[in-house]
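No value in this document is a laboratory result; all are computed from the given coordinates. Predicted, not measured: the structure shown is a model, and the values here were computed from it. Cβ: placed from backbone, ideal geometry, glycine included. Neighbour counts: every protein chain shown.
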């Protein structure tokens, strides 16, 4: 990574302080998507934004160990697979793909659909957050041929 | 690769844009009034005899999915396959960027 | 004429945006400017869809508490909003792949001006 | 095969590819040697499933799969009728052979990137199947974008020039997508629906309105841009020339064809009730654009010196044949178009695979430098090339002749003599540019040391076998064309009316 970490104390402290707040708010946006504007994509993008903020302010050496690019790529695959698995679970109970009304989360069909929506929103959020982080990391990757130049 | 000189390229682009924009403006001028709640896209039943999806979602989202936010229900239940496609697009973009840019590593890959 | 603009000012603005984006894509020689034009075009089309969902005096498509039965005239059409969430994500990812290609082009040629790149070919 | 599994066949085919790509990335980042067998396994099982599905659709009629359990205009549906089932088989089978061919050549051309390459390739095939199967216009857009994104990335690696070509392709592709979405917005404003069947029922009531007509024009221009129909083909030659071998062999036979299929589906199944079969003025424009593409593409192909570029221009011409068939809007036109989608997929895949073999073992595919030594070193590859080239020209025992024959019948039936002339002229032009290669390879004596690099003999089996299968397939498809037309293609026309 070519971009050097900011040495400015104010930037570092503010980023460290703001990032968790963004993440909490992202979770709120994600899980409150049933009742207010929000949902998987919005929440996922905000989580990605908080991670990218940390990467910009603290540099890769400090933040890569938390979520490495390889982990982020796999997280994106996992999020998409969660969506696929919830949809495919309906096959097991005789429904069509993505028919959450057939999956016995609860007795009431409308509640089952509500739970199904929540589950796939979580998958979407995971996929979005991880994919955007991975894209950011890859875009900043130095053009080296095989040699490692980690951090600043 | 074809290389168009500037004095041909710019007028050609402007001509294309002019055609598109004029066609669009004509189409818009023939639209019903902007914001009409009874425009064809918002009516109850189409001339074909089927219910119009947008109104169906408005009426039934709360009852059928126990969720007041109709956009969420539309996105994640009625048209969830679109959203699945969209998640695939996000994942696909991630793998595409990885294919284009990620550094080649020795056989034992390690990212830290 | 004035009536047309007064009634359809939102559509006219969107058409202007579409023109601007299209010109950026076709008329400009810098690849990043092409990309910016592309984003403007995509945003304009997303706005165009959202205008199609608009109803006079309607509110956001979230059921108000304690109001039953549901009157569709009170809520804007939720379908275009759901579709445009998808379109926004597609636009973002397309930009991501485009930037990745631009990074590769810059590594290969050292410039993003199309004229200079074509001279090197 | 369990019957309830076949009830879900259309969605399972799409999910196999997309899920396969996800699992490959989730698990396969370390084991890059497993990437290609995994991709082949996924594609192979999807091919089997699509074959059983096709048999079932022909027996029991079309299946409309309602996703999420929501009936048609509310939810999204997949349409699994003879047309889409047939094309899914074509897509799966062609990509299976191309992926088998990629076993050796992908690690050699783009070392270290096998896992993302095959994951993106799987998503490309899944997206192609989605385009073919979906019955919803916005869902079609989503799948078109999946296919486009994967194509940009696959064509963006390879040579130094490929990112630039891929970026140009991306700009054109995004313009096409934007046009499509804009047209869809105008249609949606006047009809309120996105389902193809529902729209076909509503369109007769609104067929004369200006917004609908402008919207249809935007949609068709967008799809034609994706399909590279004549005046909108500018992105295609560069993108195909600079891609790596397997990517080109995957995208060239299938990519533009599915966009053409979308036009076909749109013209025959959505517009037909409102505007008549062939959608009169639109169809005629498409047919003449196709004829222009045939002549222009063939002329441009004649003047190329790089084999890959020549094949790319001949793709422009072949897209023209299919557009011509669609534009005729008649029974023969439809049969010719669908048959040509199948035949051209096999011919182009075969030719691009041979190009890959040449590039690997001779080191180049520059036409003036090909000579008799190529024939001596790689007799089987060149034999496959000959069969495919003869089929491209359209000589009788091979498949290419019969689709051209149906197209010619269609033009005669419609009384469109200029189109027939374009077909005949293009046959001559195809003959010129392929016989030029035959002459160099089979008749001219070898110039010693001219090719600059020591040739490496015939291609390895994993590359040779798929190439030969395509060549044999072209002969079988040619000889068995009556069976194909009566069994698979006649029911398609029956479904239109």
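Could you order peptides B:79-86, D:71-78, C:23-30 by the average number of other Cβ atoms within 10 Å of their residues, highest first?
B:79-86, D:71-78, C:23-30
How far, in degrees from 0 to 90, does helix D:137-155 lean away from the longest principal axis of the Cα atoms of chain D, to the nearest 10?
For helix D:137-155, the angle is close to 10 degrees.
Please express the Cα-Cα pair-distance distribution P(r) of region D:277-497 as a list of whole percents, one per 10 Å bin, running from 0 to the bin with the greatest distance.
9, 33, 32, 17, 7, 1, 0
Applying a 10 Å radius around every beta-carbon, put D:117-127, D:482-492 in order of their mean neighbour count, most first.
Descending mean neighbour count gives D:117-127, D:482-492.
What FRET efficiency, computed as 1/(1 + (r/R0)^6) with R0 = 35 Å and r the Cβ-Cβ distance, is obtained for residue B:22 and residue D:436, rounded to the nearest 0.05?
FRET efficiency, residue B:22 to residue D:436: 0.15.
Show that you can apply the helix-only estimate: for chain C, add -39,500 (n - 2.57) for every DSSP H stretch of four or more residues, divide by all residues, and state [θ] at 222 nm to the nearest 500.
My calculation for chain C gives -24000 deg cm²/dmol from helical runs alone.
What FRET efficiency comes out for the pair residue D:483/residue D:424, r = Cβ-Cβ distance, R0 = 22 Å, nearest 0.05?
Rounded to the nearest 0.05, the efficiency is 0.20.
Below 8 Å, C-alpha to C-alpha, sequence gap of six or more: please give me the relative contact order for chain D in percent.
So the answer I get is 14 percent.
With n ≥ 4 as the cut-off for DSSP H runs, can you work out [θ] at 222 nm for chain D, using -39500 (n - 2.57) per run divided by the number of residues, rounded to the nearest 500?
It comes out at -25000 deg cm²/dmol, rounded to the nearest 500.
Separation between the residue D:465 and residue D:496 pseudo-spin-labels, each 7 Å from Cα along Cα→Cβ, expressed in nm?
3.9
Please order C:103, D:23 by the number of other Cβ within 10 Å, starting at the fewest.
Going from least to most buried by this count: D:23, C:103.
When the helices in chain A are scored as -39500 (n - 2.57) per DSSP H run of 4 or longer and the sum is shared across all residues, what 222 nm value do you end up with, to the nearest 500 deg cm²/dmol?
Theoretical 222 nm ellipticity from helices: -23000 deg cm²/dmol.
Against the longest principal axis of chain A, how steep is helix A:40-58, in degrees 0 to 90 to the nearest 10, with axes from Cα atoms?
10
Just to be sure I understand: if I project the alpha-carbon convex hull of region D:7-130 onto a plane and average over all orientations, what area do I get in nm²?
Numbers: hull surface 30.9 nm².
Across all orientations, region D:7-130 yields a mean hull projection of 7.7 nm².
For peptide D:132-143, what's the mean number of Cβ atoms from other chains within 10 Å of each residue's Cβ?
4
Using only the Cα atoms of region D:92-176, each taken as one equal point scatterer with no solvent, compute I(q) by the Debye sum, divide by I(0), and report log10 of the ratio at q = 0.11 Å⁻¹.
-0.34
Take the alpha-carbon centre of region A:55-124, take the same for region D:287-303, and report the distance between them in whole Å.
Each part reduced to its Cα centre gives a spacing of 48 Å.
So, by mean Cβ neighbours within 10 angstrom, what's the order for A:101-111, D:383-393 with the highest one leading?
Ranking, from highest mean packing down: D:383-393, A:101-111.
When a/c reaches 1.5 or more, the comparison of a/b and b/c decides; with that in mind, is chain B rounded, prolate or oblate per its Cα gyration tensor?
It is oblate, given that a/c is not under 1.5 and a/b is not larger than b/c.
What is the helix-to-structure angle for A:69-92, meaning the angle in degrees between its Cα long axis and the longest Cα principal axis of chain A, kept from 0 to 90 and rounded to the nearest 10?
It works out to around 0 degrees.
Taking 22 Å as R0, compute the FRET efficiency from the Cβ-Cβ separation of residue B:45 and residue C:4 and round it to 0.05. Don't skip to the end; give the middle numbers.
Details: r = 31 Å, r/R0 = 1.41.
Rounded to the nearest 0.05, the efficiency is 0.10.
Is any residue of region A:58-89 close enough, with backbone N under 20 Å, to a label point placed 7 angstrom from the Cα of residue A:9 along the Cα-Cβ axis, and if so, which?
Answer for region A:58-89: A:58-59.
What average count of beta carbons from other chains do you get within 10 Å of the Cβ of residues in D:318-328?
Numbers: counts 0, 0, 0, 0, 0, 0, 0, 0, 0, 0, 0.
Mean shielding by partner chains, rounded to a whole number: 0.
With a point put 7 Å past each Cα toward its Cβ, work out how far residue C:33 is from residue D:64 in nm, to one decimal.
Inter-label distance under the simple model: 5.1 nm.
Any chance you could check the Cα centroid distance between region B:72-98 and region D:195-266 for me, in angstrom?
Value for the Cα centre distance between the two parts: 22 Å.
Using the basic label-point model (7 angstrom from Cα toward the beta carbon), what is the residue A:66 to residue D:31 distance in nanometres?
Label-label distance for residue A:66 and residue D:31, simple model: 3.3 nm.
How big is chain A by the Kirkwood estimate over distinct Cα pairs, in Å?
About 17.0 Å, per the Kirkwood formula over Cα pairs.
Within 10 Å of each Cβ in C:35-45, how many Cβ atoms from other chains are there, averaged over the peptide?
For this peptide, the per-residue mean of nearby foreign Cβ atoms is 3.
Please report Rg over Rh for chain C, where both radii come from the alpha carbon positions and Rh follows the Kirkwood definition.
Answer for chain C: 1.17.
List the extent of the Cα atoms of region B:44-101 along each of their three principal axes, largest first, rounded to whole Å.
Principal extents (Cα only, largest first): 50, 29, 11 Å.
On a C-alpha basis, how far is the centre of region D:1-67 from the centre of region D:337-397 in Å? Whole number, if you could?
30
What would the Debye equation give as log₁₀ I(q)/I(0) for region D:213-357 at q = 0.09, 0.13, 0.15 Å⁻¹, counting only Cα atoms as equal point scatterers?
-0.26, -0.52, -0.68
I need the Debye-formula profile for chain D: one equal scatterer per C-alpha, no solvent, reported as log10 I(q)/I(0) at q = 0.08, 0.09, 0.13 1/Å, two decimals.
Taking Cα atoms of chain D as identical point scatterers yields -0.44, -0.57, -1.24.
Note down the Stokes-Einstein diffusion coefficient of the protein assembly as shown in µm²/s, whole number, using a Kirkwood radius over alpha carbon pairs, 4 °C, and 1.567 mPa s.
47
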